[in-house]
Structures are given as structure tokens and as C-alpha cells.
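Chemist: The structure under discussion is supplied below as C-alpha cells; questions concerning it will follow.
The values are calculated or read from the model by the stated rules, or taken from the named source; none is laboratory data. All values derive from a computational prediction rather than experimental measurement. Methodologically, a virtual Cβ is constructed for each residue, glycine included, from the backbone with ideal geometry; neighbour enumeration extends over all protein chains shown.
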Amino acid sequence: MPNDADSEKHQRIIDAAVRVFARKGYYSSRVADIAKESGVAVGTIYLYFKTKEEILVTLFHEKMAGFVASLGGVLSQEPDPPAKLRRLVRRHFEVLESDPELAEVIQVELRQGNKFFRGASAREVGSYFDLIGSVLSEGVESGDFRKDLPIKVATKVLFGAMDQMTTSWVLGQRTYKLRDTADAVADVFLAGIARA
């Protein structure tokens, strides 16, 4: 079990990697850049991570796992599936808007490798899809959403909409508030899945 100093150093490396990858791009970044940004020696980074790719994968695993866990708690406070879905969209946008460097890494840098969604990130993305799917299933069971709703398709449609809005925001150099689009995204989606 890692001690507090190890955990703190690990987190410093991850946080530095987010800043470096956002600023320089994943492929242009070097482990030495991350070392300098984090204030640790290059050799120390290799005690925690074997490669630069492992840093990127670990960064995504940790950030996404934390997000999904916290989102589950937030959604449990909402009274019904439509409210949960609105909160989910808003929270997705708020988290990424509050950390533009992380948004840059997730929306742009992680997508550079074509195996990303099939490989290292599959578990975390799958757990997020499971959470979205559970809200949709709850809505079908409660009668808030249509009975014939294809849960897997609807899950991917919602994720795709949020993902595209975030990518547009990042690539558009964040000239507007991402969270201001949450209600419109939720409205459009809910209109499509509402009980007839």
C-alpha cells in the first residue's frame, strides 16, 4: 500500500501531465517535460510509470473513475429519472468546463490513438455508459420514458451529444460557457425519449 508521500507524488505527476499534454500536445510532450512541471526527477517518474502512454492511460482511468463515482452520488439526490438525466448532462459539462486543461486532454489528446475506446479506456467508458443506462432503465420502469426505448442506443446517443458539445467547446477555444448548453442538450434528448 503506497504511503502518503507516494500518493502525493503520484498525484503531482498526473496533474503535471494534464497541464503538459494540454499545453504541448501528447505527442510533442516528453517525460522530461512532465518531470519539470511536477518538480520531480525524470527517474522518479519511471518509478511510478513505465512509459508516457501509461501516464496518459492512468490519468484517464483515475479522472474518469472519480467522476463516475461522484456522479453516482450526485444523481442519487435527484427525485426522478428526467431530473437525474438533466443533472448528469449538467455535471458532465461543469466538470470539464471547470478544468479546461483536462477537457483538452480528454477531448483531443486521448483521441489521437485509434485504439483508445477499444483498449485502455474501455472499462471507464463502459462504467459511464452503465450509469447512463441505469438512469434510462429507471425512467422506462417508472413510465417517464417510452417503453420501447433502446437503452444501449439511447446511452450512446446521449454520450455522443455531450461529447460533441464538449469537443466543439474545446476546439472553439472556449468562447462560451459549456454549462449554458446543458439544458438545451437535455431538452432535445428528453423530447426524443419521452413517453408518448
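Chemist: Can you report the number of residues in segment 11-60 which are among the small types (Gly, Ala, Ser), surrounded by 20 or more Cβ atoms within 10 Å (Cβ to Cβ) and under 12 Å from residue 110 (Cα atoms)?
Modeler: 1
Chemist: Only one of (1) farther than 16 Å from residue 82 by Cβ; (2) more than 17 Å from the chain's Cα centre (by Cα); (3) at pLDDT 95 or above fails for residue 187. Which number is that?
Modeler: Condition (1) is where residue 187 drops out.
Chemist: Exactly one condition in (1) polar (S, T, N, Q); (2) surrounded by 13 or more Cβ atoms within 10 Å (Cβ to Cβ); (3) over 24 Å from residue 25 (Cα atoms) is not met by residue 142; state its number.
Modeler: (2)
Chemist: With the requirement that a residue be surrounded by 13 or more Cβ atoms within 10 Å (Cβ to Cβ) and outside any helix (DSSP H, G or I), what does segment 152-196 give you?
Modeler: Those that are surrounded by 13 or more Cβ atoms within 10 Å (Cβ to Cβ) and outside any helix (DSSP H, G or I): 174, 194.
Chemist: Find all pairs meeting these conditions: Cβ atoms under 6 angstrom apart; at least six residues apart or on different chains; first residue within segment 178-189 and farther than 11 Å from residue 158 by Cα; second residue buried (at least 18 other Cβ atoms within 10 Å of the Cβ) and β-branched (Val, Ile, Thr).
Modeler: 182/89
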